[in-house]
1. Along Cα→Cβ, 7 Å out, is where each label goes; now give me the distance between the ones at A191 and F168 in nm to one decimal.
2. For the residue pair D204 and T103, what label-to-label distance in nm results when each label sits 7 Å from Cα along the Cα-to-beta-carbon direction?
3. Counting pairs of alpha carbon atoms under 8 Å apart in space and at least six apart in sequence, what relative contact order in percent does the chain give?
4. What does the charge add up to near F169, with Lys and Arg as +1, Asp and Glu as -1, over the other residues with Cβ less than 9 Å from its Cβ?
5. For K269, which lysines qualify as cross-link partners when the Cα separation must be under 24 Å and same-chain residues fewer than eight apart are set aside?
6. How tilted is helix 159-168 with respect to the longest principal axis of the chain? Cα atoms for both, answer in degrees (0 to 90, nearest 10).
7. Please compute the modelled spin-label separation between A240 and D225, points set 7 Å along Cα→Cβ, answer in nm with one decimal.
8. Note the angle between two axes, namely the Cα long axis of helix 130-144 and the longest principal axis of the Cα atoms of the chain, as a number of degrees from 0 to 90, rounded to the nearest 10.
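Computed from the coordinates by the stated procedures, all read-outs in this text should not be read as laboratory data. Note that the coordinates shown come from a computational prediction; the quantities given were computed from them, not determined experimentally. Please note: Cβ atoms are built from the backbone with ideal geometry, for glycine as well, and neighbour counts cover all protein chains shown.
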Amino acid sequence: MNEHEALVGRAVREKHTVLLIGGLDTGKTTLSKLLLRTAVQEGRRCAFVDADVGQKSVGPPATITMRLIHTVADLEPEALMRADALSFVGSTSPEGHLLQVVTGVANLAARAREAGAEFLVVDTSGLVSGIYGQILKYHKVEMLRPDLVVGLQRGEELQPLLGVIQRFFRTEVVPLGVHPDVVPTTVEERAQNRETAMARYFADELHRWRVKPTVFMPALPPLFDLAQLDRLLVGLSDGAGAYLGVGFLEYASEEGVLRLISPVAEGPKALRLGSVRLEERYRAKRVDLRNLFGSE
Ligand SMILES: Nc1ncnc2c1ncn2[C@@H]1O[C@H](COP(=O)(O)OP(=O)(O)OP(=O)(O)O)[C@@H](O)[C@H]1O
Ligand SMILES: [Mg+2]
């Protein structure tokens, strides 16, 4: 048995919340699924919290997502596409969106626990280096209170971050080497994965609603040119603190009105503005809302 399998066996017997961290292509997602598959086979009530906003396993990009795992079949890629709960981040990268990522993870972990899950696996993005990597992971641990943090590393690159977590929290921290069979992905493949995942989300029957300019968070400044919101990604609020899904805006210049386009069938109560515009083939291009609003 290798060190990964040994850890999986022990985690599934002893732990309740497992946070996986590591740089790009270190095997976080594969190990997350192995943990869940083993745990569900042992009869544990499991949930998968997907905190990676770019390379998604559960639901669309630019969101944090949660899926309850009742059976091994729930871990199949097709099944995982549908999230049981979703939190809108609005960007396909955590940079500049640490607050949205951390609050999203905290919210969805709470939702999973409320739904009866008692073995949570939290998969994360590869942002582990620099000040922002440390701040992001520190506050995720602060909110999640995992009893196991697994750090996947090729060399010693996670040691500063794992040291911080170990000093500030009571969780067990286990560094693991990267599995030799891990296949690295190129920047182009990552971009392609994001586009494909977004396109798949919007491939269902799409619904359209006319939207009033007063429904947004952040609120639009006075005399704002609505045309600037064309193709902007938005999160659909249920008006009760949760999100129904995502959509994008379309500006109809002849009528001067905004429409929301989304596969979500239920009309939203309010919309959160994202920080990406969906271009051709659902490629996400970054937008800085402060520039758009002409404010700080
Ligand atoms: N233990 C393993 N055995 C065989 N292949 C593996 C193993 N772990 C990972 N891989 C392969 O390596 C690739 C990257 O793994 P994975 O997606 O789990 O990494 P990740 O850290 O989640 O990557 P990302 O940074 O994109 O989120 C995948 O193609 C996966 O199938
Ligand atoms: Mg991954």
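1. A separation of 3.4 nm, rounded to one decimal place.
2. Here the answer is 2.5 nm between the modelled labels.
3. Answer for the chain is 19 percent.
4. Overall, the nearby charge balance is +2.
5. K212
6. Between the helix axis and the principal axis of the chain, the angle is about 90 degrees.
7. Calculated label separation equals 4.1 nm.
8. Approximately 80 degrees, to the nearest 10.
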